[in-house]
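The values are calculated or read from the model by the stated rules, or taken from the named source; none is laboratory data. This one's a predicted model, so the numbers in the text were calculated from it and none came from an experiment. Methodologically, a virtual Cβ is constructed for each residue, glycine included, from the backbone with ideal geometry; neighbour enumeration extends over all protein chains shown. The protein model used for the area step is the full one, side chains on, heavy atoms only, and it has no ligands, DNA or RNA in it. Shrake-Rupley method; radii C 1.70, N 1.55, O 1.52, S 1.80 Å.
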Amino acid sequence: MTAVAEPGEDQSERVNRELIELLNELRVALPGVQVLFAFLLTVPFSQRFGQVTTAQRAVYYGAFVCAALATALLIAPSSYHRIHFRRRDKERMLFTSNRLAISGMGFLALATAGVVYLISDVLYHVAVASAVTAVIAGCFAWFWYGLPLSRRTLPDRG
């Protein structure tokens, strides 16, 4: 996969621009995962948590772990960048950070779907929770992965 440079942009400038773009995109995703993780940290300390079923507790824990992994993966590119500052491997750092961000977004989608299921199950019942979660998970899958991947097969328009 070769990236397309902007007019008048050399390889070094392209890599710098792409790294800045990635870090800016992470600035959008991080507050969402941080708010979700903070919410999940408080749930066990609420009075009603003792009333959840074993299945709901398992879904909660899965969402909690996914949110923790999403947090780690989405923050990792910033840490990677700081540790490798001026090491002249920006292109490799960019590709690694891109994979970390994609993985982090996947775990964020799983955590969000888990929370949607848990809240829907508590408020209504398993059938509603399953249907709503399937729709939400489908939206994440399509908009975050399906749509971008489907556009990769189209010819590059420069």
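A few comments on the model shown:
- Nearest-20 debye value, region 1-135 charge dipole, Cβ charges on Lys, Arg, Asp, Glu: 460 debye
- Averaged per residue, region 34-112 has 62 square angstrom of accessible surface, using a 1.4 angstrom probe with ligands and nucleic acids left out.
- Solvent accessible area, Å² - Ser46, 1.4 Å probe, full protein context: 60 Å²
- Taking 0.36 nm per residue of separation and subtracting the Cα-Cα distance, full extension of the segment from Thr53 to Ser103 would add 15.0 nm.
- Plainly put, the chain has a radius of gyration that is 1.08 times its Kirkwood radius, both from alpha-carbon atoms, as the Rg/Rh ratio.
- Cα-based shape type of region 38-81, given that a ≥ b ≥ c are square roots of the gyration tensor eigenvalues and the cut on a/c is 1.5: oblate
- Given a 1.4 Å probe and the protein chains as shown, Leu147 ends up with an accessible area of around 50 Å².
- Taking each DSSP H run with n ≥ 4 as -39500 (n - 2.57) and averaging over every residue of the chain yields -26000 deg cm²/dmol at 222 nm.
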